[in-house]
Each structure stands twice: as structure tokens, then as C-alpha cells.
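Visitor: Sending over a structure as C-alpha cells; questions will come in a sec.
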Amino acid sequence: MPPDKTIEAIDTSRVFLARQPVFRANMKVFGYELLFRSGLQNFCSAAIDSMSATSTVITNSQYLLGLQKVTGGKKAFINFPQGMLNRHTPFLFSARSTVLEILEDVKVTPTLIKNCTNLTQKGYIFALDDFRYRKGLEPLMEIAKIVKFDVLAMDWEELEEEVARARTFKLRLLAEKVETMEQFQRLQKMGFHLYQGYFFSKPEIMSGKDIPGSKLQYLNMLSELQDQSSDYEKMAEMVSHDVSLAYKLLRYVNSAAFAVRVEVKSLQSAIALVGEETLRQWISVMMLSYLAEDKPNELLRLSVQRARFCQGLSDLVPGVGSRASCYTLGMLSLLDVILERKMENILDGLHLEHDLYDALVTGTGRMGVLMTFTSAYEQGDWSTVDRICGALSIDVQALPPLMATAIETASLIYFGD
């Protein structure tokens, strides 16, 4: 049979990828769900669901982006349609690094059960996506290790009933689309093991809670670093007078982030090596890490990733803002979560430029659109990404490598778990 022309039109040389963290109950990252597309023009096309096109997109991701770089060595949750399971596509991925998600519309057939059983014998782990119990799913419930519940798709009573059925098969419970801390805490009491969603970006605002003195100092330093007129010598002095910063800078310069031939032992040589722009950005990350010391490490990683992605977008969108301003936009975008206060209250004393302030507080202006775009890309909201690409004339071919670089930069610059 000749190939479908719509499939031939799909450009599998460009892989659009979003990743969403999957947390343990202790807020440590267990893995990332990866959301693939071969191109924005196909985000809602039936052709993107064809087995051959999807297989190629996922396979290419390992070579174009590098699965280990994308997940940082954590588990990769990947959706595998029925046809891909029957074609043994999962064998292209390591069993140690992958969780195979079986979609909710799967038809349980003897062939599917045989293939899935073979995969489990090879060490692969299965998760049942968007789980709703039905009798025919029981053979897969015997095979799977994880079951995923869309907590927004049912009320609490329905969820408790579905969880009770899953418990009889000793499945690990994963709650997805968790959007608030209240939901997270209630799901913890229900015995869920894993959590996915953006609940950490909707903080509980504690009335009357003030910013501690030490964190206020870090916040002021973070604000000063965003001023491009701040003195380089002053920044270098800031590092040299702080034992913790000095040690971390030496670690950073001697890490994979710098291809130096000899080990850098002198603080002065380390400061000279990184240069002004990188030093400014690095100290910003360190100040943010001090502010977020009691928060999930993923918050800091995401802040750095956003900063680098927004900085790259400034090169693609003329007039949106300087590279420094766009970097700052991403870096400060989660301050309300980190400090558990409203963004406008945090920024009032920082004297940021108006465009940056408006983008962070109200999401308005061209920089606000940039933040919306970044968030949509992170979530795999390809329709919003496509719309803004058109409005801002963004070169879509530049986006996959830009996101890959942002993810890699965040992992290199931040020494978390």
C-alpha cells in the first residue's frame, strides 16, 4: 500500500518536545512525561497519530535531542498507541529509563496482552493513562505497575471508587492535572504515590506572612543583578566574600559546563573565565536557590530553564525586549511560588522596568505574551504555541533546539538532585 500523503508531509526532522515533571510525595522528581510533535502545523492533525509518523518522531528524539539530557537520567513517561506496542517500538528505548503509557482508548486484544507481557519480561514498566475501570482492562491491570488518574475529570467520590478498584491490583497511584496545594494534600491522604501537574505554581498565600530578613537580602541582591549598570567588580567581590558562593563557582567552572583543559583552582581565574554576563546570571541562580531552599528543586530548574528559553526567544522576536530583560523575565517568573506571596507585593520594592513588571504581574505587553508562550511550550499546549508563533512571526524551526539548550543549561548550572 502506498504511503499516506499526509504522513509524507510531516517533517520528522524537527522534534517539538515538552516535558512535565512527575513528583514523588516528598516533591522530588521521579520522572518526566514527554509530549512530542513533529511540527506545529500538525498539532491537531489526524496524521500525527499514524503509527509510522509517531514512531519516527519519538525515535528521532533520542538522536536529535538526547533522551538522557531531556530527563536528566529520570524516568521518561512516553505515550505508546496500540499500534506502536504491537510493532515493538518500545524496544527502541531502554527499559531502565522508560515508563510506557497505555492510552485510555486501547482495545485489549490477545496480541496486545502477549506483546505487553513480553515487554514486562524484558523489564519494561507500564502505566495506564486516564484510568477508568472497565472489566476488559483487567488483563492490563495485572501487567501494569502504575495507574494514572485525571483528577479534574471526576469528583472526589468517583475518584475514591476508582482508586479502590486499582488497589486490588496493587498498582501505584499517580494523580495528574493536580492544580492546587489543597488537591495535593488531599491526594496524599488518599495514598497516592506520584503526582503530576502545576500545583506548585499556584501557591497558598499565607495572610500576614512576611519575607524573612535573609531572604529579603537575597531578593535585593537578585534585583540589583538585573540592573545592567551594576559594577562587575562589585559582583566579583560579592562572590569572593561568600565562602558558599566561592565554592559553588569553582564547582561550576570545573563542571561539564566549561570545556577547560586544566582544573581551575583559583577563585580569581574562575571569575575571569566565566565573564560578566555569565557571572551575573550564575549569581542570580544562586540567589534564587537561597530563596527556594525549602521548595522543590524543580522550581529552580524550571526558573533557569525559562530564563534561558526567554533569552533565546528575544533573538527570534525583534522588539520584545533585551536579552537581559527576557532572561530576567524567566528567572523571576516563579518568585510568587517560591516566596508564597503575590507577585505584585514581591516586586513593589525592586524597581523593575515597567514592561518587565507588567509581564510578571499581569501577563500583559509583548513580554507578557512571551511568558504565555513559554508556559504553553512547557505544557505541550501546541495550539497556543502555534497561534503566538503566527502573531509574533517566530521561526518555529528554531524552537526545538532552543528548548533543548534551555533544559541542558538548567541541568548544568544547577547542582540539585
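Quick note: the coordinates plus some simple rules give every number you see, no bench work behind them. Treat the numbers as computed from the prediction; the structure is a model and nothing was measured. Neighbour counts run over all protein chains shown; Cβ positions are idealised from the backbone, glycine included.
Visitor: If we count every other residue with Cβ under 15 angstrom of residue 308's Cβ, Lys/Arg +1 and Asp/Glu -1, where does the sum land?
Guide: After counting each charged neighbour, the total is +2.
Visitor: Can I ask one more? Find the percent of Cα-Cα distances in region 121-179 that exceed 18 Å, and round it to a whole number.
Guide: More than 18 Å apart: 29 percent of the Cα pairs in region 121-179.
Visitor: With a 10 Å Cβ neighbour count serving as the proxy for reagent exposure, in which order, fewest first, do 97, 244 appear?
Guide: Arranged by neighbour count, lowest to highest, 97, 244 become 244, 97.
Visitor: Please give the net charge around residue 324, taking every other residue with its beta carbon less than 9 angstrom from that of residue 324, where Lys and Arg add +1 and Asp and Glu add -1.
Guide: +1
Visitor: Something else now. Can you give the Kirkwood hydrodynamic radius for region 61-185, in Å, rounded to one decimal and based on Cα pairs?
Guide: When all Cα pairs of region 61-185 are included, the Kirkwood radius is 15.5 Å.
Visitor: Semi-axes of region 213-413's equivalent ellipsoid from the Cα gyration tensor, sqrt of 5 times each eigenvalue, largest first, rounded to whole Å?
Guide: Sorted largest first and rounded, they come to 28, 20, 15 Å.
Visitor: How about residue 248: which aspartates and glutamates have a C-alpha closer than 16 Å to its C-alpha, ignoring those fewer than 8 places off in the same chain?
Guide: Result set, ordered by chain and number: 237, 263, 293, 417.
Visitor: Over 23 Å between Cα atoms, which of 74/342; 74/177; 74/145 qualify?
Guide: From 74/342; 74/177; 74/145, over 23 Å: 74/342.
Visitor: What is region 213-413's relative contact order, in percent, from Cα pairs under 8 angstrom and six or more apart in sequence?
Guide: Reported as a whole number, the value is 22 percent.
Visitor: Also: How do 281-290, 139-148 rank on mean C-beta neighbours within 10 Å, highest first?
Guide: 281-290, 139-148
Visitor: With each label point set 7 Å from Cα along the Cα-Cβ vector, what nm distance links residue 290 and residue 170?
Guide: Modelled inter-label distance: 4.9 nm.
Visitor: For each of 96, 366, 306, count neighbouring Cβ atoms within 10 Å of the residue's Cβ, then give the residues from fewest to most.
Guide: Ordered from fewest to most neighbouring Cβ atoms within 10 Å, 96, 366, 306 come out as 96, 366, 306.
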